[in-house]
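Written below as structure tokens is the structure these notes are about.
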Amino acid sequence: MSDLRVNARLTIPEREITLSAVRSSGPGGQNVNKVNSKVTLRWSPANCESLSGPWRDRFVTRFANRINREGELVLHSDKYRDQPRNMADVRQKLVEMLLECQAPPKSRKPTRPTLGSKRRKRDAKEKQSQKKQARRTDFRRDG
């Protein structure tokens, strides 16, 4: 296993990632009972020196439900029947998760409703009002 290269700015050293293999419950028939093909990756974002503070904060906020009490992110892969492919898959999952949180979210620019949307809203309200007025019975005339 080698260092995990996320992009030009971030490479996670091999020593910060723990990989382990266990028996899988996925496809494989008798092979499942004999081979440790499921791969589990453990990584602690808080202890990662190469991850910048804001990026780390966005990552921890976004994936808080995937981080355990010890502060470790735990990922599993038993998608394939062999261990090397599952190892590559779980490493790729981590890269995708990190890239998802790389850039800060764009701030929303407040916009105003267009003239057309204002007209459509007013016309819809007027149509609804006329519909309800047509249902109304005038009791004052009967009496």
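Every read-out reported here was derived from the displayed coordinates using simple, explicitly stated rules and does not represent laboratory data. Bear in mind that the values here come from a model prediction, so they are computed numbers and not experimental data. Virtual Cβ from ideal backbone geometry, glycine too; neighbours counted across all protein chains shown.
What does the charge add up to near ASP89, with Lys and Arg as +1, Asp and Glu as -1, over the other residues with Cβ less than 14 Å from its Cβ?
Value of the local net charge: +3.
Between [x] 15.0; [y] 15.6; [z] 19.9, which entry matches Kirkwood radius over Cα pairs in Å as derived from the coordinates of this structure?
Read-out taken from this structure: [z].
Taking the Cα centre of the range 4-100 as origin, sum charge times position over the Cβ atoms of Lys and Arg (+1) and Asp and Glu (-1), and report the length of that vector in debye to the nearest 20.
240
Taking the chain as a Gaussian network, where each spring joins two C-alpha atoms under 10 Å apart, which residue of LEU75, LEU51, LEU115 fluctuates the most?
In the Gaussian network model the winner is LEU115.
Do any GluC sites (Glu not before Pro) in the range 38-143 lie in a loop, going by DSSP, with at most 14 other beta-carbon atoms within 10 Å of their beta carbon, and if so which?
Qualifying residues, ordered by number: GLU49, GLU70.
What are the chymotrypsin sites (Phe, Trp or Tyr not before Pro) within the range 63-143 that DSSP puts in a loop, where the Cβ has at most 12 other Cβ atoms within 10 Å?
For chymotrypsin sites (Phe, Trp or Tyr not before Pro) across the range 63-143 that sit outside H, G, I, E and B with at most 12 neighbouring Cβ atoms in 10 Å, the list reads PHE139.
Dipole size in debye (nearest 20) for the range 52-143 around its Cα centre, Lys and Arg Cβ +1, Asp and Glu Cβ -1?
That gives the range 52-143 a dipole magnitude of about 1280 debye.
Extending each Cα 7 Å along its Cβ direction at ALA88 and ALA124, get the distance between those two points in nm, one decimal.
5.1
Restricting to lysine pairs 8 or more places apart or on different chains, what number in the chain have Cα atoms under 17 Å apart?
7
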